[in-house]
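Here the structure is laid out as structure tokens; the discussion comes afterwards.
What follows draws every value from the coordinates through simple rules; no lab data is involved. Because the structure is predicted, anything quoted here is derived from the model rather than measured. Because the Cβ atoms are built from the backbone with ideal geometry, glycine has one as well, and the counts that use them run over all protein chains shown.
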There are 2 protein chains.
Amino acid sequence: MARVNATERRKELGQQFRVDSIRMSSAAKSGHPTSAMSAADLLAVLVDGYLHYDFTEPKSPANDRLVFSKGHASTLVYAIYRAAGVVSDEEILDYRKLGSPLEGHPTPVLPWVDVATGSLGQGLPIGVGMALAGKYLERLGSRVWVLCGDSEMAEGSMWEAFEHAAHFELDNLTAIIDVNRLGQRGETMVGWNVEVHAERARAFGWHAVIVDGHDVEAVAAAFAEAVATIGKPTVIVARTLKGKGIAAVENRNGFHGKPFDDPDAAIAELGGLRNIRIDVAKPKPRAERTAKPRVLELPHYEVGSEVATRKAYGDALAALGAARPDVVVLDGEVSNSTFAELFAKAYPERYFEMFIAEQQMVAAAVGLQAVGWRPFVSTFAAFFSRAYDFVRMAAVSRATFSLCGSHAGVSIGEDGPSQMGLEDIAAFRAVHGSTVLHPCDANQTAHLVAAMAETSGVSYLRTLRPATPVLYPPEEQFEIGGSRVLRSSEDDEVALIGAGITVHEALKAADLLAEEGIAARVIDLYSIKPLDSETLLAAVEATGGRLVTVEDHWPEGGLGDAVLAALADTEEPPRVVKLAVRGMPRSGKPEELLAAAGIDAEHIAAAARRLVAVPSGRLSR
Amino acid sequence: MARVNATERRKELGQQFRVDSIRMSSAAKSGHPTSAMSAADLLAVLVDGYLHYDFTEPKSPANDRLVFSKGHASTLVYAIYRAAGVVSDEEILDYRKLGSPLEGHPTPVLPWVDVATGSLGQGLPIGVGMALAGKYLERLGSRVWVLCGDSEMAEGSMWEAFEHAAHFELDNLTAIIDVNRLGQRGETMVGWNVEVHAERARAFGWHAVIVDGHDVEAVAAAFAEAVATIGKPTVIVARTLKGKGIAAVENRNGFHGKPFDDPDAAIAELGGLRNIRIDVAKPKPRAERTAKPRVLELPHYEVGSEVATRKAYGDALAALGAARPDVVVLDGEVSNSTFAELFAKAYPERYFEMFIAEQQMVAAAVGLQAVGWRPFVSTFAAFFSRAYDFVRMAAVSRATFSLCGSHAGVSIGEDGPSQMGLEDIAAFRAVHGSTVLHPCDANQTAHLVAAMAETSGVSYLRTLRPATPVLYPPEEQFEIGGSRVLRSSEDDEVALIGAGITVHEALKAADLLAEEGIAARVIDLYSIKPLDSETLLAAVEATGGRLVTVEDHWPEGGLGDAVLAALADTEEPPRVVKLAVRGMPRSGKPEELLAAAGIDAEHIAAAARRLVAVPSGRLSR
């Protein structure tokens, strides 16, 4: 009897979700109701019988997590919230209106949305990160449920997630593929060949269950099977109908992302408005995390010694691991190059090897931070470009984590341009709310790693392959948004502004210029975003508006452009010569490549001489 | 007898490749000899018996293509070239030295290298593009051979390639996975479970053959089986030993990317230097392509009508298809949004639907252009961030193709930030040799599409979702590197500089300012890279150095930064107020979101008023 009741209730709940999806999208005159309708029964069963979630305590690590990898089915998310009683009927009808937290695709503006989705292929790899936390860090028995679209199965990131979930034996993760056959424009490559989806998943080490996604009893059995499966994740491959329930659109092409022409008729066809309330099961009570932070003891490096900033990153990360039990580290199979291995050796239980799968790596960090952990993520600076969409979306998710890109610029030498991060500053500056740091010495690196750990949003640290001289004493503090004036006098005629390897070249250039009687100010602009505009303004004032910026990066969007932007709307903008990598680099020795790119001491000095020789705007005034 | 000879010759050739890999990396004191040595026998058999390639005519479409997806095995590439007699013994010993075309990872600086590799997971999807050309466009019986590493099988892009290759039934494509078990840092997730690799490939629709990668007879049989397999691509899963042939390093961890300590001993262990010459089989003679270009007839739009620039892109693309038989088009399952569907309907045989797999889409374009086609590629501007590493590497490949990102900026409205391209200008500007265009009207868009088709390198066109007024007559010509002054007078006190949607807002702002007696110059800076600095300098001169830039993009790395960079090293740099999207956008109507972001006419006018009220640097001089 109870089973019959559950079945009927779930069927009705599915219809309610459909009706509400139509109401929302019709009120908004946009949205994806047909994509919500195919998954309505799947979610009705999940929230009515399998999800454990306390809406009053959304951040609790004891909660299950529900991620809509197919974020365009947002009306289904909000329909669930109405049924759960946390969003009102009035509120759902403000869907997609300016100021409503019920955005076109789900975002964490709502407290129950952990991560933003809407760029397909991201929800499942993010779910892998959440499941890693649940299985290896929290161990509270929570589960992660991810609703996937079948179109997004074409994204390689989904298969990174499949491989990693099986590798880590994430039996607390369930993927639900809503196989409605139809994408935005037509049929998917797989269509309704649900067995193909299942076979691929099995080949990647998952347990797979094929089910009719509109048969609520079969769906319930599949969820039960997922919960009972030990040692591997489960995928539920659900054959569904896009636009299910409305004969005129059901399983037909051409209705993606379109509200209904006659919503009242459609709602009537579905049996009218419903107001079923569901009581989502709460998780078992949990104990608080017990590990407490300790005082951070950063590594020390002797001034004048030579240490690679990437090595200092690893040392600092290990120190941070000792101090902060919430820090977790991920690396993309290059931990012996990025020096993340120093953390891995010290705290293996908080280190996740993500192999050569940068998208999954960043996504896992997004998932880990969503459930309260503090990830640091590393690979070569160049290879973060592989995960750029994930970083972009992390900002929409209001995520907080740190990335470290090593082997930046031509200073890596012989490996050549494929391995040189030359666009990373531009890419990371253009991430909303980001922090971009580029230290030139080991002690500075250590302090910046510590500062990043206290910074919200996406923070990025750029490190160098070669060893560089230690310039700063270990006790010197470095803050985000700061800079250092390494040389200055009352007679400065020009300022040389660099970061990372180019600070050392700028210092050499200042020596060359000094021999000729030209006083040059040298600024280490280690914090590229945010940027210390006060120090730059003082340099403009002191030098009569003559600046040389120099960076081991393409000319576009890097340090030079950041300096220009900071000074653009000032009373007397300076004249700036921007030195950067303008030709495609080749293989060669680091010093050869710095010279070939025109960013070594000789070229900096030449640019300074030219600026000093020609009266600047300021001097002519 | 012949067979025995072939077997012995191939074994010896494999040893020669190993010896030469050791010689090169020892001379360079860097490189990845152990990664070359595992694949040496595979390649010996391929070039000695199965590859068809005319080294004297590398661009011939009749040639097979050989792509090293594991680009770090570059010494093996160059060892093949020495054996083929196109690179001398002296030349290989300049490996990785400045000026040598034998770079650390292969690049098209050498005429026989079609595409740069070294960012793992790219060679196979690029090979899919080459195989699409071979099977559907050239039909000359050529084959594509791709050597893959087993570590890179963790990259999702590889599985995009597997799915697409099977979907397109690319039986002219053979992937060879060199399963040497060991990555840079340790064992892969799959290790030597070669059956796992094979099962996954089969689940994705491939024919799979497992083989001992050092048994040259078995390898030859596998290649023969690949050639004989019809209707599906073949993967050869080869179990190999990293560092094969040298007992001290063979199959041991810790020797990735390291030259040998004692190269002479290692060479002796391999039996010493060899000088085998191979005659790689040439392809059958071929006929020239017969299709000839016709005169381009661009679409026309009436001034004052409202047309979305994305629609004009589709119209122009169809026109280009009629004029140029070498133009091919790819889209990521959104062709009804980007309007690539207009080309697809007109020229289905030159249209490739790439589904939601942006990495594979861009990689296929790289492959298609490498064999002489001219690809245009489209998806939402936001989703090109998914393929950023492929675009970065395309520049290293010296590739020429065009990308069109639609639905740029907050002007898309209700769908919200996940769908808004707000970092695309920054990202594409920071690609070496790129062109970045952002038209504001339909006729301009059509002319720019035509101009892109004549431009080398990576070119990017940013289009808008909403319809915008047609400002320019159809006959007006637009060139890359140009701009348009839409309003000007002798009394201009300020210049308003925009592109795309903000041109229309700037025009409205100029009207508002005119009512107050403020004359504002309006500049349509449709070519953001390269940029018309002459027109900007004239505006600086005319307005006393007062500029307002306005863009539907993050503040970093976009139009405003491009303007600043162009004027940075001029005698009297202007004062620039940069309007851009500074807060995370929400869902809402386009006009609401432009206002909320501070980039609509009212905000532009306010910025102009402020600049005019405060004496600028120039006026105070």
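Over segment B:362-498, the ratio between the Cα radius of gyration and 2.2 N^0.38 Å evaluates to 1.12. If both residues of a DSSP beta bridge must be in the protein assembly as shown, then about 15% of such bridges are antiparallel. Quick one: Cα centre-to-centre distance for segment A:45-109 and segment B:208-238, in angstrom? Answer, in whole Å: 51.
When the Cα positions of A:Val144, A:Leu46, A:Phe401 are compared along the charge dipole of chain A, A:Leu46 comes out farthest toward the positive end, with charges on each C-beta of Lys, Arg, Asp and Glu. Within segment A:427-561, DSSP assigns beta bridges of which about 30% are antiparallel (rounded to the nearest 5).
Evaluated at q = 0.07 Å⁻¹, the base-10 log of the normalised Debye intensity for the protein assembly as shown, with identical point scatterers placed on the Cα atoms, takes the values -0.67.
When Lys and Arg each count +1 and Asp and Glu each count -1, what net charge do the other residues less than 12 Å away from B:Val329, Cβ to Cβ, add up to? Result for the neighbourhood of B:Val329: -1. Loop-located trypsin sites (Lys or Arg not before Pro) across segment B:124-215 with a Cβ neighbour count of 14 or fewer within 10 Å are B:Arg139, with loop assigned by DSSP. Convex hull volume of the Cα atoms of segment B:557-614, normalised per residue: 86 Å³. Let me make sure I get this right: for segment B:190-246, a, b and c are the square roots of the gyration tensor eigenvalues over alpha carbons, sorted descending. Under 1.5 in a/c it's rounded, otherwise prolate if a/b > b/c, else oblate. Which is it? Oblate, since a/c reaches 1.5 and b/c is not below a/b.
Would you mind ranking A:Thr400, A:Thr379, B:Thr56 by Cβ crowding within 10 Å, fewest neighbours first? Least crowded to most crowded, the residues run B:Thr56, A:Thr400, A:Thr379. In segment B:24-106, the ratio of gyration radius to Kirkwood radius, Rg to Rh, stands at 0.96 when only Cα atoms are counted.
Along its principal axes, segment B:498-591 has C-alpha extents of 44, 33, 20 angstrom, given from the largest down. Along its three principal directions, the equivalent ellipsoid of segment A:85-131 from the Cα gyration tensor extends over semi-axes of 24, 12, 7 Å, largest first. Less than 5 angstrom separates the built amide H of B:Leu403 from those of B:Val377, B:Ser459, B:Tyr460, B:Leu461, all sequence-distant by 5 or more or on a different chain. Comparing A:Ala427, A:Ala451, A:Val494 along the charge dipole axis of segment A:424-576, the residue lying farthest to the positive side is A:Ala427, per the Cβ-charge model. Too long at a 28 Å Cα-Cα cut-off: which of A:Lys529/A:Lys578; B:Lys311/B:Lys508; B:Lys70/B:Lys135? Among A:Lys529/A:Lys578; B:Lys311/B:Lys508; B:Lys70/B:Lys135, the Cα-Cα distance tops 28 Å for no pair. Put simply, the amide H of A:Val144, placed in the peptide plane, has neighbours under 5 Å in A:Arg65, A:Leu173, A:Thr174, leaving out anything fewer than 5 places away on its chain. One Cα centroid belongs to segment B:266-336, the other to segment A:148-163; the line between them spans 28 Å.
Taking all C-alpha pairs of segment B:384-461, those more than 17 Å from each other amount to 47 percent.
Cα-based radius of gyration for segment A:469-543, normalised by 2.2 N^0.38 Å, reads 1.08.
Using alpha-carbon positions, what is the distance between the centroids of segment B:473-513 and segment A:495-552, in Å? Using only Cα atoms, the two centres lie 36 Å from each other. Using the Karplus relation 6.51 cos²θ - 1.76 cosθ + 1.60 with θ = phi - 60°, the per-residue 3J(HN,Hα) values for segment A:238-255 come to 9, 6, 9, 10, 5, x, 3, x, 10, 4, 5, 10, 3, 6, 10, 6, x, 10 Hz, with x marking Gly and Pro. Charge tally for B:Ala363 (other residues, Cβ to Cβ under 14 Å; Lys, Arg +1; Asp, Glu -1): -4.
Computed from Cα atoms alone, the Kirkwood hydrodynamic radius reported for chain B is 26.2 Å. For segment B:44-155, the dipole from Cβ point charges (+1 on Lys and Arg, -1 on Asp and Glu) about the Cα centre works out to 280 debye, to the nearest 20. For A:Lys529, the residues whose modelled amide H falls within less than 5 Å of its own, excluding neighbours fewer than 5 places apart on the same chain, are A:Val436. Mean silhouette area of segment B:210-303, derived from the convex hull of its C-alpha atoms and averaged over all directions, reads 15.3 nm². Annotation for segment A:1-96: trypsin sites (Lys or Arg not before Pro) lying in DSSP loop with at most 15 further Cβ atoms inside 10 Å of their Cβ are A:Lys29, A:Lys59. Only beta bridges with both residues in chain B are counted; by DSSP, about 15 percent of them are antiparallel.
Ordering B:Leu182, B:Leu241, B:Pro417 by the projection of their Cα atoms onto the charge dipole of chain B, which places +1 on the Cβ of Lys and Arg and -1 on the Cβ of Asp and Glu, puts B:Leu241 at the extreme positive end. In whole percents, the pair-distance distribution calculated for segment A:328-428 from its alpha-carbon pairs, binned every 10 Å from zero, is 17, 49, 29, 5, 0.
Net charge of the neighbourhood of B:Pro555, taken over other residues with C-beta under 15 Å away and scored Lys/Arg +1, Asp/Glu -1, is -4. Taking every Cα-Cα distance in segment B:419-468 and sorting them into 10 Å bins starting at zero, the pair-distance distribution P(r) comes out as 24, 51, 25, 0 percent.
Debye-formula intensities of segment A:267-362, expressed as log10 I(q)/I(0) at q = 0.19, 0.22, 0.26 Å⁻¹, are -0.98, -1.12, -1.28 (one equal scatterer per alpha-carbon, no solvent). For segment B:584-599, the Karplus equation 6.51 cos²θ - 1.76 cosθ + 1.60, evaluated at θ = phi - 60°, returns couplings of 5, x, 10, 6, x, 6, x, 5, 5, 6, 4, 5, 4, 7, x, 10 Hz by residue, with Gly and Pro reported as x.
Using Cβ point charges alone (K and R +1, D and E -1), the dipole size of segment B:139-280 about the Cα centre works out to roughly 140 debye. Converting phi to 3J(HN,Hα) with the Karplus coefficients 6.51, -1.76 and 1.60 and the offset θ = phi - 60°, segment B:256-261 yields 6, x, 10, x, 7, 5 Hz in sequence order, with x at every glycine or proline.
Computed from point charges on the beta carbon alone (+1 for Lys and Arg, -1 for Asp and Glu), the dipole magnitude for chain B about its Cα centre is near 1460 Debye. Modelled this way, with points 7 Å down the Cα-to-C-beta line, the labels at A:Arg582 and A:Asn253 are 5.1 nm from one another.
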